[in-house]
Amino acid sequence: MKCARVNCSAIIAAVCLYSTSTSHAAIVFDDGGNHAYTGTNNDTLEVLDSNTNAPTTVAINNGAVIGDDDTEEISVAVRGSSILFINGGTIGQDVDSFDNSTVTMNGGYIDDDIHSEGSSTFNINGGTIDDDANADDNSTINMTGGNVGQDFETRNNAKAFISGGTIGRDLISQNNGQTSFSGGTIEENFVALNKSTNNISGGTINKHLFSFGDSEITVTDGTIKQNVASDDDSTINISGGTVEGIVESYDFSTINISGGNFEDNITAVQDSNINITGGTFENNIIAIHGAAITIEGGDIGVNNSANLVAEHLGNITIDGSNFKIDGVDVALGEITDISGTLSGILADGSAFEIDFLREFAPVPHNTVRGTITLIPEPASLALLSLAGSLIFTRNRRA
């Protein structure tokens with residue numbers, strides 16, 4: 001007798017669910033039901049909703065073993081609007097989410113990568129992913145805990161929100177990816193590429209922060225243990241946090257600093273720009289090879305050994321008032337002294353005193369020094385403009 005209404009996928013799933021032996025065939029859950037899996041399967045596990053309008057839900061629990069780490073295959077695939085929970089067990093190869101599916105990892109071990117694609121969502125709350133985490137193609141990865149052993153990548157309009165856990169190597173955001181890092185640890189670098197948009201509001205980066213290719217990074221808090229560098233038309237905005245290494249801009253990129261603590265040099269190189277309106281700067285501020293630095297505020301010259309250095313076509317512009325060199329009033333405009341101690345009041349009202357040096361680049365036959373230019377802060381400039389207007393009016397009446 002033919003049983004037309006029997007769901008064969010559900011029967012296969014149910015048989016595999018309660019089997020204590022090792023299976024060598026793909027397991028497919030596709031019935032819109034709820035399932036818990038603790039078995040052993042050397043092939044793949046798929047969670048689908050093709051046979052029903054309701055999502056299929058599967059929980060992989062402690063004791064489960066899925067896939068074979070000797071093969072180049074996906075061990076677990078979740079499609080449609082289905083839902084997968086990884087609470088424990090071991091998965092030998094990739095776990096991939098597609099379409100509008102959702103994967104939530106609370107524990108367990110994945111011996112390879114995870115991939116989210118389509119409009120799927122992958123939540124990492126615990127457990128270990130031995131290799132990479134990849135957010136692609138408009139998908140989202142949320143990470144609040146757990147461990148990613150290698151790189152975490154966001155690309156092609158995907159989004160990543162990282163508030164905890166550990167990334168074993170680099171966090172890479174590229175090709176219009178959007179990445180938010182608010183907590184946790186990146187063991188190596190945060191790298192932004194190719195028009196990505198990125199926010200850092202906490203956590204620790206144990207090595208460097210890099211931006212390239214029209215990307216943008218906004219830093220409001222957190223700790224960067226080594227260097228920050230921008231290049232290739234990218235932008236970094238820093239309003240808080242701590243940078244323990246050098247801050248460097250290159251090749252038409254821009255770094256805007258309005259707050260934060262900076263323990264090493266601030267350096268602009270090769271037609272790049274650094275704009276400083278706030279923050280605390282313990283070391284040197286250097287402009288070189290056609291780069292420009294503008295200083296309107298902040299606490300500069302914190303250490304007595306700190307210097308302002310303008311070298312070979314580099315320009316440092318300081319916006320403020322009451323400027324003096326070696327205690328003697330100095331006129332606004334370009335400084336002609338080669339070295340000395342510059343003091344004054346910055347545009348934000350901060351008093352400063354710092355040694356300066358205008359020097360050649362260390363190349364043969366170079367005779368061009370850098371420049372340091374003093375301009376009036378806005379209130380003084382307004383007064384000068386008003387005074388000029390009154391003089392002009394008085395002269396016309398005369």
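What whole-number distance in Å separates the alpha-carbon centres of the range 240-254 and the range 310-337? The two parts, judged by their Cα centres, are 23 Å apart.
Helix 8-17 and the long axis of the chain differ in direction by around 80°, with both axes built from C-alpha atoms. Of the options [x] -0.32, -0.54, -0.82, -1.32; [y] -0.28, -0.48, -0.73, -1.22; [z] -0.48, -0.65, -0.81, -1.07, only one is log10 I(q)/I(0) by the Debye sum over Cα atoms at q = 0.07, 0.09, 0.11, 0.14 Å⁻¹ as computed from these coordinates, and that is [z]. Extending 7 Å from Cα along the Cβ direction at D329 and again at T185 yields two label points whose distance is 5.7 nm.
Given a Förster radius of 45 Å and the C-beta distance between S339 and D214 as r, what FRET efficiency does 1/(1 + (r/R0)^6) yield to the nearest 0.05? Calculated transfer efficiency: 0.75.
Between 0 and 90 degrees, the angle of helix 378-397 with respect to the longest Cα principal axis of the chain falls at about 40 degrees. If you find the alpha carbon centre of the range 173-208 and of the range 53-96, how far apart are they in angstrom? About 28 Å separates the Cα centre of the range 173-208 from the one of the range 53-96.
Looking at the square roots a ≥ b ≥ c of the eigenvalues of the Cα gyration tensor of the range 217-348, which shape do they give, rounded for a/c under 1.5, prolate if a/b is larger than b/c, or oblate? Don't skip to the answer; put the middle values down first.
Working: a/c = 1.90, a/b = 1.44, b/c = 1.32.
Cα axes put the range 217-348 in the prolate bin.
Computed from the C-beta positions of T144 and D233, the FRET efficiency with R₀ = 45 Å rounds to 0.85.
Read-outs throughout are calculated quantities, based only on the coordinates presented, and are distinct from any laboratory measurement. The structure displayed is predicted, hence computed values, not measured ones. As a convention, Cβ positions derive from the backbone with ideal geometry for all residues, glycine included, and neighbour counts pool all protein chains shown.
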